[in-house]
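Here is the structure we will look at.
The values are calculated or read from the model by the stated rules, or taken from the named source; none is laboratory data. Everything numeric in this text was worked out from a predicted model, so none of it was measured. Cβ placement follows ideal geometry from the backbone for every residue including glycine, while neighbour counts extend to all protein chains displayed. Keep in mind that these areas ignore ligands, DNA and RNA; they rest on the heavy atoms of the full protein, side chains included. Shrake-Rupley method; radii C 1.70, N 1.55, O 1.52, S 1.80 Å.
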Protein chains: 2
Amino acid sequence: MDAAQGLILETGYSAASLDAVIGRAGITKGAFFYHFKSKAELALALVQRDADADAAHLQSVLDRAEALSRDPLQQLLICIGLYEEETAKLTAPYPGCLYASFIYESQLFDDVTMTVVREVFSHWTRRITGKLEAAMRLYPPRLPVDVRTLAEMSLALAEGAFILSKVQRDAGAMAAQWRHYRNYLELLFSPQIPEPDTGVKRGKLDAAVSAA
Amino acid sequence: MDAAQGLILETGYSAASLDAVIGRAGITKGAFFYHFKSKAELALALVQRDADADAAHLQSVLDRAEALSRDPLQQLLICIGLYEEETAKLTAPYPGCLYASFIYESQLFDDVTMTVVREVFSHWTRRITGKLEAAMRLYPPRLPVDVRTLAEMSLALAEGAFILSKVQRDAGAMAAQWRHYRNYLELLFSPQIPEPDTGVKRGKLDAAVSAA
């Protein structure tokens, strides 16, 4: 499955032939068909594996954020900060996102596979929307915002950063965009409006979040 | 070329066979090869066509923004507002972005084609970075920001919104993300910090921008 995913992210699904997948995995055709009836079944298994991993990861990040603060705005900022922290450790750019890869060849997949992709997006949006709504009940935004598209902004930035990473071979693109999303939420909701930047770095705030 | 582009955005480049392209365009193989030596030459022509159109469009939007205000921050906000305005008129979701489609099958293309894609991204980033730097000289940001990744954020959001549009069949995804980007820049740089939203819509500001 890792061999297939790597190949798909380089050439797309269509060009990743079964022979090429088997070749890269170093297995026989018989071994492949022992696990999967077809390439379509492999595609579904791959996207389901990422969907499960991403949902479990989001849950664990939200759990950590909830343990680190009782305040829903802080939870959200910590959650994004944790994603930023993780992605800042990358030394090689992401090879890409399987969902986006499939979306750009969507006519090649059955409804079940594309439904998994759609469900990943709506699950993520629901979880972030829930946190945003809780934050907004305590902190009115400085500009009128639509909460669903504000939640979707995190998805858009992540998908866009995957593309920037690939185009520019830039391992830092994802972390940089998480930071901008976190800045936006802070400026929208935080009761303490930061002073204009005078060259002083945010060491204090960062240290406080780490210490929490 | 339109037929080919439509097909590529549905199935990806690999699965868009020459026969399928010719069939959709309603032309003969001879007619195709009169214009293009190969599918690779068609791919390059397609991406070059989009690159030229996008650069010309950005130039015209920046020209309009510069005519509407002398202030670089306002020019930038107007520029994004004009993109938002245009995309808000969409009644059908975008079929996708050819650059992203090619990026997700990047191993299938020659260096010349992928260089066109990379140059589109760096050209856009340079133009927006220039405006941001001019704005920042007048208006210090409320949070420390990296200007290059702040410019790239517009690209990330556009690419992400293409993906959201496709997944959710949502014509409004792009306009919503332009609005969030504009909000973020306003909150970062605008000397008048907006009051927390009390349900009053932004009619006054919008009217002022239209009047300008």
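B:LEU77 passes every criterion in (1) in contact with a Phe, Trp or Tyr (Cβ under 6 Å, 6 or more places away or on another chain); (2) touching a residue at least 60 places away in the same chain (Cβ under 8 Å); (3) not hydroxyl-bearing (Ser, Thr, Tyr) apart from (1). Tell me, please, whether a residue that is surrounded by fewer than 22 Cβ atoms within 10 Å (Cβ to Cβ), assigned by TED's automatic domain parsing to the domain that holds A:ILE80, at pLDDT below 95 and at positive phi can be found in the stretch A:168-180. Within the stretch A:168-180 (the criterion being surrounded by fewer than 22 Cβ atoms within 10 Å (Cβ to Cβ), assigned by TED's automatic domain parsing to the domain that holds A:ILE80, at pLDDT below 95 and at positive phi), the answer is yes, since at least one residue qualifies.
Can you name the residue in the stretch B:27-44 that is of a type outside the set (Phe, Trp, Tyr) and buried (at least 16 other Cβ atoms within 10 Å of the Cβ) and is also farthest from B:GLU133 (Cα to Cα) among such residues? So the residue we want is B:LYS39.
Restricting B:TRP124, B:TRP178 to residues that are within 12 Å of chain A (Cβ to nearest Cβ) and under 14 Å from A:ALA156 (Cβ atoms) narrows the list to B:TRP178. Please work out if A:ARG24 is open to solvent by 30 Å² or more (accessible area, probe 1.4 Å) and over 28 Å from A:GLU133 (Cα atoms). Spelling it out, A:ARG24 is indeed open to solvent by 30 Å² or more (accessible area, probe 1.4 Å) and over 28 Å from A:GLU133 (Cα atoms). Among the residues making up the stretch A:79-136, those that are small (Gly, Ala, Ser) and either touching a strand residue (DSSP E or B) at 6+ places or on another chain (Cβ under 9 Å) or under 19 Å from A:ALA56 (Cβ atoms) (or both) are A:SER122, A:GLY130.
Number of residues in the stretch B:1-35 that are part of a loop (DSSP other than H, G, I, E, B) and either in the same structural domain as B:SER101 (by TED's automatic domain parsing) or among the polar types (S, T, N, Q) (or both) equals 3. Here is a check on your reading of the model: is A:THR129 of a type in the set (Ser, Thr, Tyr) and facing chain B (nearest Cβ under 7 Å)? Judged against the criteria, A:THR129 is not a match. Selection over the stretch B:50-101 of residues that are open to solvent by less than 30 Å² (accessible area, probe 1.4 Å) and basic (Lys, Arg) gives a count of 0.
The residue that is surrounded by the most Cβ atoms within 10 Å (Cβ to Cβ), counting only those in the stretch A:132-145 that are of a type in the set (D, E, K, R) and more than 12 Å from chain B (Cβ to nearest Cβ), is A:GLU133. Scanning the stretch A:146-157 for residues that are open to solvent by 10 Å² or more (accessible area, probe 1.4 Å) and within 7 Å of chain B (Cβ to nearest Cβ) yields A:ASP146, A:THR149, A:LEU155. Counting the residues of the stretch A:102-128 that are surrounded by fewer than 17 Cβ atoms within 10 Å (Cβ to Cβ) and over 15 Å from the mean Cα position of the chain (by Cα) gives 5.
The residues listed here are B:ASP71, B:ASP52; of these, the one that is in the same structural domain as B:THR125 (by TED's automatic domain parsing) and either within 23 Å of B:GLU119 (Cα to Cα) or touching a Pro at 6+ places or on another chain (Cβ under 6 Å) (or both) is B:ASP52. Of all residues in the stretch A:83-109, those that are within 10 Å of another protein chain (Cβ to nearest Cβ) and assigned to a loop (DSSP other than H, G, I, E, B) have Cβ atoms under 6 Å from Cβ atoms of residues that are of a type in the set (Val, Ile, Thr) and crowded, with 19+ Cβ neighbours inside 10 Å, 6 or more apart or on another chain, in A:GLU105/B:THR11.
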